[in-house]
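Here the structure is laid out as structure tokens; the discussion comes afterwards.
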Amino acid sequence: MKSLEMPEVRRACQAIVIGDAKDLAIQAESLGIALPDRYFGKPETVQPDPISPVIFDTGAIDGNIDRGRVSARAGRAALAAVEASVTLWKAGKIDAIATAPLNKEAIKQAGSPFPGHTEMLAALTGSSTFLMSFFARELRVILLTIHVSLRDAISAITKERLLCALETADRELRRFGIKEPKIAVAGLNPHAGEHGLFGSEEIAEMSPAIADARERGVDAHGPLPADTLFLRAARGEFDAVIACYHDQGLVAVKSMAFGDSAGVTLGLPVVRTSVDHGTAFDIAGKGIADAGSMTRAILLAAELAGKERQARDTLMSRHQKRQE
């Protein structure tokens, strides 16, 4: 609600707020913010407004929600909003989705088989290959593994997985306007294994994947020591870094730009961004949450949707010229 009050957000996009209208009204009143006065309940009737946001009412909350408490009721409301966003995209009503945080325990209580937004959106859009990434000013970090234990993450670092990630990252970065992406891979072990002294994963799995990716036209580099790589990328040496596991990448992102970064799911047919933080139940309902990352997620969604459209138009123009 705070983000939608920002002039830069109003200029960047025609926003559709997806959620339970009654609950949104309660939140708006508590914040002293005027609620959008245009409501829609069916995808086919939705009409974005060039001047102010509109609401798509999921009607998903039956009863009251206790702020800051995990509940199946709140989980069902969150799931309904995610499902509605994909329905609106499939209906051609939206170009991009910017998601607020949801509570993973709540959606589990609501019966969801998915650990979070990303996996759910992939299933709803029929995407088998996807990557979670974070854009933090000049730093772009792509995660090779996401919400798994460190032990499982290490086991998951295979030549096939990394090669697929490099090809997906290369294709998606081009989709969003980077013509010749230069992608670095962070080593798993200290000093990127130091030629096998501190671990064999770099030699056995990672270096062969990078070599194969280069043969397929991907400008891939590494594996490189993670302790200096993220700084090098932030200074412009690389367009993106692939991190081996969740915290390896997210510590760098949040240290450099917490609250001013946003997640981007690569590999989905729809542009999807997200905040860089969780639900903050300790301050839920108090009206004091920082809207910086939500604002950044919305602005980035609009920016990437524009770049995607521009890249698509360029390809169509080239195709028409070749036919002529």
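For the stretch 225-257, list residues with backbone N below 20 Å from a point placed 7 Å from the Cα of K108 toward its Cβ?
In the stretch 225-257, the label zone of K108 (backbone N under 20 Å from the point 7 Å along Cα→Cβ) covers 246-247.
Pulled fully out, how much extra length does the chain show between F258 and A156, if you take 0.36 nm times their separation in residues and subtract their Cα-Cα distance?
Gain on stretching F258 to A156: 34.0 nm.
Show the residues, 5+ positions off or on another chain, whose built amide H is closer than 5 Å to the amide H of T99.
T273, S274, V275
So what is the relative contact order of the stretch 58-193, in percent, for Cα pairs below 8 Å that sit 6 or more residues apart?
So the answer I get is 15 percent.
Quick check: from the Cα gyration tensor, does the stretch 128-267 come out rounded (a/c under 1.5), prolate or oblate? Walk me through the intermediate numbers first.
Details: a/c = 1.40, a/b = 1.18, b/c = 1.19.
It comes out rounded by the Cα gyration axes.
Each residue of the stretch 195-202 in turn: what ³J(HN,Hα) in whole Hz from Karplus with 6.51, -1.76, 1.60 and θ = phi - 60°, glycine and Pro shown as x?
With coefficients 6.51, -1.76 and 1.60, one gets 6, x, 5, 10, x, 9, 4, 4 Hz.
Label points 7 Å out from Cα along the Cβ direction at L197 and A34: separation in nm?
Roughly 6.6 nm, to one decimal.
How much length would be gained if the chain were fully extended between R175 and F281, taking 0.36 nm per residue of separation minus their Cα-Cα distance, in nm to one decimal?
The span from R175 to F281 would gain 34.6 nm if fully extended.
Would you list, by chain and number, the aspartates and glutamates whose Cα falls below 16 Å from the Cα of K182, excluding same-chain residues fewer than 8 positions away?
E138, E167, D170, E172, D212, E215, D219, E237, D239
Could you tell me the calculated FRET efficiency between D219 and D290, based on Cβ-Cβ distance and R0 = 41 angstrom, to the nearest 0.05?
Working: r = 36 Å, r/R0 = 0.89.
Approximately 0.65, to the nearest 0.05.
Would you mind classifying the stretch 71-158 by shape? Square roots of the alpha carbon gyration tensor eigenvalues, ordered a ≥ b ≥ c; an a/c under 1.5 is rounded, otherwise it is prolate if a/b is larger than b/c and oblate if not.
It is oblate, given that a/c is not under 1.5 and a/b is not larger than b/c.
Given a 10 angstrom Cα cut-off, can you work out which residue in G177, G263, G187 is the most mobile in a GNM of the chain?
Largest GNM mean-square fluctuation: G177.
Would you look at the GNM of the chain, springs on alpha carbons closer than 10 Å, and say which of E167, E194, E29 moves the most?
Looking only at E167, E194, E29, the biggest GNM fluctuation is shown by E29.
If the elastic network links every pair of Cα atoms under 10 Å, which of V70, V271, V185 fluctuates the most in the Gaussian network model of the chain?
V70
So, in nm, how far is label D62 from label Q47 when the simple model puts each one 7 Å beyond its Cα toward the Cβ?
With each label point 7 Å from Cα toward Cβ, the separation is 3.3 nm.
Please compute P(r) over all alpha-carbon pairs of the stretch 38-77, binned at 10 Å starting from zero, and give each bin as a whole-number percent.
26, 35, 29, 9
List the relative contact order of the stretch 128-267 as a percent without decimals, with contacts defined as Cα pairs under 8 Å and 6+ residues apart.
For the stretch 128-267, the relative contact order is 41 percent.
What lysines sit close enough to K42 to cross-link, taking a C-alpha to C-alpha distance under 23 Å and skipping anything fewer than 8 places away on the same chain?
Cross-link targets: K22, K90, K93.
For the stretch 1-125, what's the relative contact order in percent, using C-alpha pairs closer than 8 Å and at least 6 residues apart?
24
Give the calculated FRET efficiency between E8 and D247 to the nearest 0.05, with a Förster radius of 35 Å applied to their Cβ-Cβ distance.
Rounded to the nearest 0.05, the efficiency is 0.65.
Bear in mind these aren't lab numbers, they're just calculated from the coordinates by the rules spelled out. Note that the structure is predicted; figures quoted are calculated from it, not measured. No Cβ is skipped: glycine too gets one built from the backbone with ideal geometry, and neighbour counts run over all protein chains shown.
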